1. Sequence gap at least 6, Cα distance under 8 Å: using those rules, report the relative contact order of the stretch 527-610 to the nearest whole percent.
2. Say the dipole of the chain comes from +1 at the beta carbon of Lys and Arg and -1 at that of Asp and Glu; which of LEU280, ILE783, SER721 then lies farthest toward its positive end?
3. Going out from 0 in 5 Å bins, what whole percent of all Cα-Cα distances in the stretch 97-185 drops into each bin?
4. Need one number: nm distance between label points at LYS291 and THR50, each 7 Å from Cα along Cα→Cβ, rounded to one decimal.
5. Extending each Cα 7 Å along its Cβ direction at LEU374 and ALA701, get the distance between those two points in nm, one decimal.
6. Cα centroids of the stretch 395-468 and the stretch 765-788: how far apart, whole angstrom?
7. Using the charge dipole of the chain (Lys, Arg: +1 at Cβ; Asp, Glu: -1 at Cβ; taken about the Cα centre), state which of THR482, VAL695, SER681 has its Cα farthest towards the positive end.
8. Could you list TYR319, TYR615 in order of exposure, starting from the residue whose Cβ has the fewest other Cβ atoms within 10 Å?
Amino acid sequence: MSFDPFDFKHTLPIINEDSEFFPLMSSEDEAEMNNEEVPDFLPVLPLRNTVLFPGVVIPITVGRDKSIKLIRDANKGDRMIGVVAQTDVSIEDPLFDQLHRVGTVAVIIKVLQMPDGNTTVILQGKKRFILKDELQSEPYIKATIEPFRDNKAKEDKEFKAMISSVKDMAMSIIQLSPNIPSEAAIAIRNIESTSFLINFISSNMNADMTVKQRLLETPNLRERANIVLEHLTLDLQMLELKNQIQTKVRVDLDKQQRDYFLNQQLKTIQEELGGTSPDLEIENLRQRAVKKKWNVEVKNHFNKELEKLARTNPAAADYSVQINYLELLLDLPWNEFTKDNFDLKRAQKVLDKDHFGLDKVKKRIIEYLAVLKLKHDMKAPILCLVGPPGVGKTSLGKSIAKALGRKYVRMALGGIRDEAEIRGHRKTYIGAMPGRIIQSVKKAGAANPVFILDEIDKVGNDFRGDPSSALLEVLDPEQNSTFYDHYVEMDFDLSNIMFIATANSLSSIQPALLDRMEIIEVNGYTIEEKIEIAKQHLLPKQREAHGLKTKDAILKSDVLEKIIEDYTRESGVRTLEKKIGSVVRGLAKNIAMEEPYNPTVNKKDVETILGAPIYDKDLYEGNDVAGVITGLAWTQVGGDILFIEASLSPGKGKLTLTGSLGDVMKESATIALAYLRAHASYFNINPKLFDLWDVHIHVPAGATPKDGPSAGITMLSALTSAFTQRKVKPHLAMTGEITLRGRVLPVGGIKEKILAAKRANIKEVILSKSNQKDILEIKETYIKDLKFHYVTDMRQVIDLALLNEQVAEPLDLTIKEDIKAVLN
């Protein structure tokens, strides 16, 4: 049974015969009603279940014969009756003594005959009265009455606040009660009379007859208002509690019903689409697990997690998480391997076909295959291919996978800063995923793929962890057999995977990580190698990419050599491929537009398509100026030549360094000058010159930062040439570092530097004796035009680099006196 603090089944508005609303009682209406005289006697209408208050309009259903006759007689006369509540509502025909002593004078507004035969009369209360003596009992009760005296309330601030609280509380109850019409709030808001407001609320409160009769019999308005306020407070509290309970029950019930209906609909949709129900899905997972080749530990863990899934409500959020986790365990290749191809001759052919050169790398792969063929069980090595961009480090991994007959996966490490990318997220987190190592192995579908870790030198770190440290376990052959991913929560064996890392430089790789890998340098290509690579790989690839046949685009060796020397300057072949693509597109345009053209491209055609040459073939600048030496440098894109310029000017022996030099090169310049001053007599230099001339060392292209331990002997040679004014041997370059004792130290990047020297038309190269082994690794055919000088001491360098022929007169020791004479 519902609870309503207000019972507005009798409330306004009430429609009259003219379909107009009866207005609520105003203050003027109340004053006029109070001035009306109460008659001495009235017919009395007993009410069983309600109490009529002054000013309130209510409909009454009349069923008793006495009451019907009373209404008809009164309606024919002055339409005024007395309305009194019964003391006992169970009495069908009450006597005069069974009525309350206080009632309300009422006016009959309208009498309605209802379709069911009942009579409904609309009454409006006027004034309260007190029953005195009974005059008659038949055919209905008639009695004498006297007016009820009201005690006026003192309208102070407290009373006004009480009335305001009554109105506000009544409005709150109406808002919280869904069964009370909105017109009730409008009616209460528009009531002006204080006494009528109390009467109106008292009449419509869902209170016992006893409470309402008590309110009618209370003469003081303040007391009546206080009683109403107490009752409304209790009703509002009960209503709020009821709404809270209903809301809670409704939410729980609605959620259960919603989940039930959604599950039923989901089952229906799955059946229509040929899907499976949750029970069938769990069974499918169990059947898939039977076919897996996993050990006892993994099997027990899977069965435990599957039982957990079976106990989970399919509508719960954890259900889909658990499903994804179990499917990952099933998709991972536990103890599933591809069969290796141990045909070593075939493997050699595959590597030679896909990549020209790279003999050192190919030799290492064949060695690995040979040992694996003999032992059948070998921990895979961790190879790290280091070299400039475009030399084929990444694509070499595909060839290795093809040669071994293994799956191939590649993971780009450039820019990774989150450790979770390697080790995965914990399963409890929202959106958790396994690490990229596990994801890649899952993608490969085998536990022994060739795994390329691309750009391992570009891995970063921040507040989310250090991915390089997470890779320590992955790339350690002694530890990766028990690799732990946070999401998988099980050890996974990575020891059968052949990891191949690639990097452009070793300087940014963490030392502990570098120690776990076998470093193989992939150096740049010579011009001869680039020509062969272009013929065998780049040109056919570009023909196919642009829809041309072999006969449609023919580039001979001399044309390819021009493209290499005039339009590219790199260790790899990436830019070369772009330039060949531009040439092929130029031919494709002629074919598409049906223009006549020569499919055999000549050098003039290259310049027409690619424009004027970008680079000069011969960068050597001669030896006519003292103090300029050609050096060799290593860059990220391969080798290059640079010039060290040393000039002298009158001064006090100040050393100036320009050209955006790093700390290492600045130290080399300082050491070179110090060595030259210490051994000035050996080089026939007057020691006083160092105090009379300022030294300026400059490396051109000042906008490009330069640093590295390979320019020491070049700077010392430039200084010696400047102080002695001796010419430098033509077409000579050098690289190496020095010490204060004059020892020549070995440097790195020799192959790239030698290739750069050859591109620049250098004929002789001075190197440290310790770098001779690096030259022996370069094919003799590529360096047949170069002459190498291996030295251990700086004196040997000067003897080889400088000619006895002087460019100008020796430096004058009397420069200061000459300056003084000019000034005077």
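1. Once divided by the residue count of the stretch 527-610, the mean separation gives 38 percent.
2. Farthest towards the positive end: ILE783.
3. Calculated P(r), rounded to whole percents: 3, 10, 10, 11, 14, 17, 15, 11, 7, 3, 0.
4. Between LYS291 and THR50, the simple spin-label model gives 7.9 nm.
5. Placing both labels 7 Å along Cα→Cβ, they lie 4.7 nm apart.
6. That distance is 39 Å.
7. Toward the positive end, the furthest listed residue is SER681.
8. Ordered by Cβ neighbours within 10 Å, fewest first: TYR615, TYR319.
Readers should treat all values here as calculations from the given coordinates under stated rules, not as data from a laboratory. Just so it is clear, the model here is predicted, and its values are computed rather than measured. As a convention, Cβ positions derive from the backbone with ideal geometry for all residues, glycine included, and neighbour counts pool all protein chains shown.
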